[in-house]
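Below is one structure, written out as structure tokens; the observations come after it.
Laboratory data are not the source of any read-out in this text; all were calculated from the coordinates shown. Note that the structure is predicted; figures quoted are calculated from it, not measured. Here the Cβ positions follow ideal geometry from the backbone for every residue, glycine too, while neighbour counts run over all protein chains shown.
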């Protein structure tokens with residue numbers, strides 16, 4: 001992740017966010033909170049360190065036919081709100 005984030009971070013403003021059962025790109029797609037990849041450090045680095053405006057969007061909400069997209073929205077919405085709150089709290093603390 002470090003090399004990719006260093007190379008692409010300065011140009012990143014939109015991420016199609018996913019999570020997987022076994023880690024970054026490994027295993028099956030699953031709900032954001034249930035996956036093994038931790039998005040918080042990535043989002044924090046982009047927003048806090050690189051000062052990037054950032055949009056996260058959930059794609060493949062049915063997880064390749066494994067889940068109802070409405071269930072994904074119900075579960076991933078609160079995760080994204082919590083992630084936003086945690087990252088923005090860090091930005092506000094650092095600037096104020």
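The table below lists the values:
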| item | result |
| --- | --- |
| Angle between the chain longest axis and helix 69-95 axis [Cα atoms, degrees, rounded to 10] | 10 degrees |
| Calculated log₁₀ intensity ratio I(q)/I(0) where the Debye formula runs over C-alpha points of the chain, q = 0.21 Å⁻¹ | -1.10 |
| For the chain, calculated [θ]222 nm from helices alone, where every DSSP H run of n ≥ 4 adds -39500 (n - 2.57) | -13000 deg cm²/dmol |
| Label-point separation in nm, residue 15 to residue 86, each point 7 Å along Cα→Cβ | 1.1 nm |
| Separation in nanometres of the label points that stand 7 Å from Cα toward Cβ, at residue 38 and residue 5 | 1.0 nm |
| Stretch gain in nm, segment residue 71-residue 54, where the contour uses 0.36 nm per residue and the Cα spacing is subtracted | 3.7 nm |
| Length-normalised contact order for the chain - Cα pairs under 8 Å, 6+ apart - percent | 27 percent |
